[in-house]
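Take a look at the structure below.
The values are calculated or read from the model by the stated rules, or taken from the named source; none is laboratory data. What you see is a predicted model; the values in this text were computed from it and never measured. Cβ coordinates were reconstructed from backbone atoms using ideal geometry, including for glycine residues, and neighbour counts include every protein chain displayed. The accessibility values were calculated without ligands, DNA or RNA, using every heavy atom of the protein model including side chains. Shrake-Rupley method; radii C 1.70, N 1.55, O 1.52, S 1.80 Å.
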Amino acid sequence: MDRQIGDAVSDFLAGKVIAVTGAGRGIGRAVALACAAEGASVVINDYGVSVAGEEPSSEVAQAVADEVTGLGGTAVPVADTVTTMEGGQRIVRAAVDKFGRLDGAVCVAGILRERMLFNMTEQEWDPVLATHLKGTFTVFRAAAAVMRGQRSGSLVGFTSGNHAGSVSQANYSAAKGGIVSLVRSAALGLHRYGVTANAVAPVARTRMSAGVPTQLAEIGEPEDVAPLVVYLLSDAAREVTGQVYTAVGGKIAVWNQPREVRAMYADGRWTPEQIAARLPASIGQERMPMLDQLAAMAKAAAAGDRPNA
Ligand SMILES: NC(=O)c1ccc[n+]([C@@H]2O[C@H](COP(=O)([O-])OP(=O)(O)OC[C@H]3O[C@@H](n4cnc5c(N)ncnc54)[C@H](O)[C@@H]3O)[C@@H](O)[C@H]2O)c1
């Protein structure tokens, strides 16, 4: 850590209470340590599971909570799963019971079960959606009720660049796209209560990224992602809401908002023949950037290399 907890040179989050899910490892751990270093009291949630979401252990959350307190910070561990409503409630209740309020909820917990769509089983689909998408909902739901009462708060979801599509992680991509829509809905629904909601799409060296069968074009460390999250949780970002930011190494990028780009109109209802005659030259398609990379990815896979992106 650049900065020692307890004698923080910056107090960006002084007095705030932040809950971080998946805080036992990787990016969540870096976020939790950075929040504590900036003066926040932190709820350290982690179910302590494998990359595939199996074999839970309470020691993982406890170890990071001990690390924070050992450095002079304030933390409480919650070794619960985010996949149930009760788990989400317990994470939020730990903040309120122990520290009296909740200023930020950061949903980082995640698992992977990679498979091509035509081979994917229900056992590969359901837990990935339950951990990422429902796991963000359960915590946002409980946190939003507290923050609405406080008339302030920050929700941060974790998405991925591949919410735009993925060759072999349709479950993960769908969950990450769902998180973007959930974040935008939270931003709209909670705006009047002074609560913000944003999403972060990281790329960082963790056990999860080590296992993906692609060569990541850009990669950084978990600690590179944490400052953006700290900013989004701080009073400096009270006007920032409904955004998706990439964080990788020294790069931070903002994603566009989805909107219609071109339209065509009929006098009354279109026929399929009229659409076939007009659509290609009129509104056409919006080319998927990843489609252009598929051939190179397939070639690299056939050669035994890790394909790009
Ligand atoms: N590492 C990357 O390059 C990358 C890229 C894009 C998105 N992400 C996202 O960033 C987040 C963090 O990923 P990471 O690379 O640090 O992974 P990681 O595997 O190092 O850490 C994830 C943590 O989540 C915990 N967890 C899993 N299921 C849980 C549950 N049900 N309840 C509570 N905790 C649970 C795990 O025990 C683990 O400690 C994930 O949402 C991931 O999808 C990571």
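Observations, loosely collected:
- Residue match in segment 222-236 (condition: more than 30 Å from Ser10 (Cα to Cα) and open to solvent by 60 Å² or more (accessible area, probe 1.4 Å)): no
- Unique match (being hydroxyl-bearing (Ser, Thr, Tyr) and within 11 Å of the chain's Cα centre (by Cα)) among Thr138, Thr159, Thr196, Thr206: Thr159
- Residue in segment 187-221 that is most open to solvent (accessible area, probe 1.4 Å), counting only those that are in contact with a Gly (Cβ under 8 Å, 6 or more places away or on another chain), among the hydrophobic types (A, V, I, L, M, F, W, C) and closer than 20 Å to Gly110 by Cα: Ile219
- Restricting attention to segment 243-292, the residues being under 30 Å from Leu188 (Cβ atoms), among the β-branched types (Val, Ile, Thr) and either touching a His at 6+ places or on another chain (Cβ under 8 Å) or open to solvent by less than 60 Å² (accessible area, probe 1.4 Å) (or both) number 4.
- Here Leu233 clears all of (1) under 30 Å from Ser152 (Cα atoms); (2) within 15 Å of the ligand (Cβ to nearest atom); (3) touching a residue at least 40 places away in the same chain (Cβ under 8 Å) except the condition numbered (2).
- In segment 109-128, the residues that are touching a residue at least 24 places away in the same chain (Cβ under 8 Å), in a loop (DSSP other than H, G, I, E, B) and out of contact with any strand residue (DSSP E or B) (no Cβ under 6 Å at 6 or more places or on another chain): Gly110, Ile111, Leu112, Arg113, Met116, Met120
- Checking each residue of segment 154-174 against the condition of being at positive phi and either without any contact (Cβ under 8 Å) to a residue 40 or more places away in the chain or of a type outside the set (A, V, I, L, M) (or both) gives at least one match.
- In the set (1) under 13 Å from Thr241 (Cβ atoms); (2) within 14 Å of the ligand (Cβ to nearest atom), the condition left unmet by Glu218 is number (1).
- Taken together, the residues in segment 143-157 that are in a helix (DSSP H, G or I) and surrounded by fewer than 24 Cβ atoms within 10 Å (Cβ to Cβ) amount to 6.
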